[in-house]
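Throughout, read-outs are computed from the coordinates displayed, never taken from laboratory work. This one's a predicted model, so the numbers in the text were calculated from it and none came from an experiment. Virtual Cβ from ideal backbone geometry, glycine too; neighbours counted across all protein chains shown.
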Amino acid sequence: MTPLAENLERLHSAIEEACRRTGRSRSDIELMAVSKTYPAATIAEAAGLGLRLFGENRVQEFATKAPDLASLRAEGSNAAADTPIMIHLIGHLQSNKSARAVELFDAVDSLDSLRLAERLNEAAGKLGKRLPVLLEVKLSPEEAKEGLEPDSTEAAALLERLPDLPHLHVRGLMTIAPWGVAEDVTRACFRSLREWRDRWAAAYPLLSLDVLSMGMSGDFPIAIEEGATRIRVGTALFGKRAPYAGPPEVEPADEPQTQTASQRETQSGTETN
């Protein structure tokens, strides 16, 4: 058994145990393999073990991998299973990269502004796609984190506008818990996302908010206990990753670059996924 297969086996056991503690079905939990900084060959190996859903952080990084994964993303051409793999963008997306992101990814799980939503909708319409999206919600005070402040006017404007964007398919919410805090703080963050989902689902019945993407390598059992339907796991599956050393994400002058929490922690040697 390969190291990846062993890690996956342990991960499945941990997910099942968390489900048993809360009386949830294992089928309620979707596992996303966070493959940022890993080569296409590693994604192919994971696909061979049955993983179908992958998360990437950067448009330009994944663009270098995409050609080598084309056969795994096509219907009927996957040797491991009939279902093709899906690649979601989970990192912060600058609106000027919207068109390229829609071309490359099967979904964008980090929608955090009305401007970005309109750009994605326009790009998806040109390609004849209906793009699944998650709203990224900021529920912790770290300045480096991206996401919608849930009680902000930006969040309200986005939620009001989304039903009128026909090329976006809203699926749910995503958040990142604060790093290195007590368990009760992490738990409160995940519980808050579930509560905001329930509140928004009642207030905006035209939106589908079934997906709660929360929990990573260090905290996914807590997320499952608090209602996660999707967990994002990288380090516990693939092992400690090296800092990103690929092509830079070039930002335009009017949209200054900011670091996401995952970028800052990767650079400092701390892993979040």
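Name the residues whose placed amide hydrogens come within less than 5 Å of the amide hydrogen of V34, ignoring near sequence neighbours (fewer than 5 apart) on the same chain.
G55, V233, G234
Give the order of T175, T2 when sorted by the count of other beta carbons within 10 angstrom, beginning with the fewest.
T2, T175
What is the magnitude of the charge dipole of the chain about its Cα centre, with +1 placed on the Cβ of each Lys and Arg, -1 on the Cβ of each Asp and Glu, and no other charges, expressed in debye to the nearest 20?
440
Can you put D151, D28, D219, D106 in order, fewest other beta carbons within 10 Å first?
D151, D28, D106, D219
Could you point to the residue in G218, M32, L162 farthest towards the positive end of the chain's charge dipole, with +1 and -1 charges on the Cβ of Lys/Arg and Asp/Glu respectively?
M32
Here are several values of Kirkwood radius over Cα pairs in Å: (1) 18.9; (2) 21.2; (3) 25.0. Which one was derived from the coordinates shown?
(1)
Once you have the Cα-Cα distance between E149 and K126, take 0.36 nm times their residue separation minus that, and quote the gain in nm to one decimal.
Computed gain between E149 and K126 is 5.3 nm.
Determine the calculated [θ] at 222 nm for the chain from helices alone, applying -39500 (n - 2.57) to every DSSP H run no shorter than 4 residues and normalising by the residue count; nearest 500 deg cm²/dmol.
Helix contribution divided over all residues of the chain: -12000 deg cm²/dmol.
If you take every residue apart from L4 with its C-beta less than 12 Å away from the C-beta of L4, what net charge results, scoring Lys and Arg +1 and Asp and Glu -1?
Once all neighbours under 12 Å are counted, the net charge is -2.
Would you mind classifying the range 8-137 by shape? Square roots of the alpha carbon gyration tensor eigenvalues, ordered a ≥ b ≥ c; an a/c under 1.5 is rounded, otherwise it is prolate if a/b is larger than b/c and oblate if not.
Oblate.
I'd like the distance separating the alpha-carbon centroids of the range 140-179 and the range 203-221, in whole Å.
12
Quick check: the distance between the Cα centres of the range 113-138 and the range 89-110, to the nearest angstrom?
8
Cut-off under 26 Å on the C-alpha distance; same-chain residues fewer than 8 positions from K129 excluded. Which lysines are left, in chain and number order?
K36, K65, K97
Using DSSP H assignments, which helices in the chain have an axial alpha-carbon span of 20 Å or above and a mean Kyte-Doolittle hydropathy of -1.0 or higher?
On the way: long enough: 3-22 (29 Å, -0.67); 183-203 (30 Å, -0.92).
Span-like helices, by this rule, are 3-22, 183-203.
Sort V185, V211 so that the residue with the fewest other Cβ atoms within 10 Å of its own Cβ comes first and the one with the most comes last.
Taking fewest neighbouring Cβ atoms as first place, the list is V185, V211.
In nm, to one decimal, how far is the E142 label point from the A202 one, both placed 7 Å along Cα→Cβ?
3.1
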